[in-house]
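Heads up, the thing below is written out as structure tokens.
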Amino acid sequence: MVSITPSTRYSGISIAMHWLMAALLVATAITMEIRGIYPKGSDARELIKTVHYMLGMAVFALVWLRLIARAAGTTPPISPAPSATQALLGHLVHMALYALMVGLPLLGWLALSAKGKPVALLWGMQLPMLIAENRDTAHLLKEMHEVGARIGYGLLALHAGAALLHHYVLRDNTLVRMLPGKR
């Protein structure tokens, strides 16, 4: 009889998607943080905003693939196993991150629709407007998007900090399970 043991690492697809999403999230944040360097209405500022929209929509598309891969794959166990409280907190942070990866691009798309501005993509393609133009709604949605982004910064810092805490202080395999390459 063959003994089956769970993998100690995530699948290559899950690892690649994790780090691709991390890079996209950082790039998306950077585009909004540096847009203020350029004057309102300038071509450079508009280009940066367009890149931000495209990166946000890439996050929105890829998060669904990531969720499918996560549902279809297995989660390697943490060794040694964390306490029930640590496990619950980890699940809550992951759920919040996934909610933001869906919610922030959707809020941005809705805000632009309410502002009457289509989301421009590559080669002149545009996403459809989701709601009718309404300045008050646009302002509210933009505020929600910005608050969500600030919450996202905190969650990403918490996520990265927890991974480092697990690796260097608790000395478990939490971080190693998601690192690329052979371990």
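The values are calculated or read from the model by the stated rules, or taken from the named source; none is laboratory data. The model shown is predicted, which means the values in this text are computed figures rather than measured ones. Quick reminder, even Gly has a Cβ in these numbers, built from the backbone with ideal geometry, and neighbours come from all protein chains shown. With ligands, DNA and RNA removed, areas are computed over all heavy atoms of the protein, side chains included. Shrake-Rupley method; radii C 1.70, N 1.55, O 1.52, S 1.80 Å.
General observations
- Verdict on SER83 being open to solvent by 40 Å² or more (accessible area, probe 1.4 Å) and modelled with pLDDT of 90 or more: yes
- Near pairs, Cβ below 6 angstrom, 6+ apart or cross-chain, from segment 6-33 (more than 14 Å from LEU97 (Cβ to Cβ)) to any residue that is part of a helix (DSSP H, G or I) and at pLDDT below 90: ILE13/ALA69; SER14/ALA69
- Total residues in segment 111-139, condition surrounded by 15 or more Cβ atoms within 10 Å (Cβ to Cβ), of a type outside the set (S, T, N, Q) and farther than 19 Å from THR31 by Cβ: 3
- Residue within segment 81-96 that is in a helix (DSSP H, G or I), β-branched (Val, Ile, Thr) and touching a His at 6+ places or on another chain (Cβ under 8 Å) present: yes
- Out of ARG150, ARG177, one residue alone is open to solvent by 90 Å² or more (accessible area, probe 1.4 Å) and either outside any helix (DSSP H, G or I) or not hydroxyl-bearing (Ser, Thr, Tyr) (or both). It is ARG150.
- Residue count for segment 152-183 satisfying the condition of being touching a Phe, Trp or Tyr at 6+ places or on another chain (Cβ under 8 Å) and farther than 14 Å from ARG9 by Cα: 0.
- Out of ALA61, ALA71, sole residue that is at pLDDT below 95, open to solvent by 70 Å² or more (accessible area, probe 1.4 Å) and part of a helix (DSSP H, G or I): ALA71
- Selection status of MET129, within 30 Å of THR50 (Cα to Cα), in contact with a helix residue (DSSP H, G or I) (Cβ under 9 Å, 6 or more places away or on another chain) and assigned to a loop (DSSP other than H, G, I, E, B): yes
- Out of GLY103, GLY56, GLY36, one residue alone is of a type in the set (Gly, Ala, Ser), more than 18 Å from the chain's Cα centre (by Cα) and either part of a helix (DSSP H, G or I) or surrounded by fewer than 15 Cβ atoms within 10 Å (Cβ to Cβ) (or both). It is GLY36.
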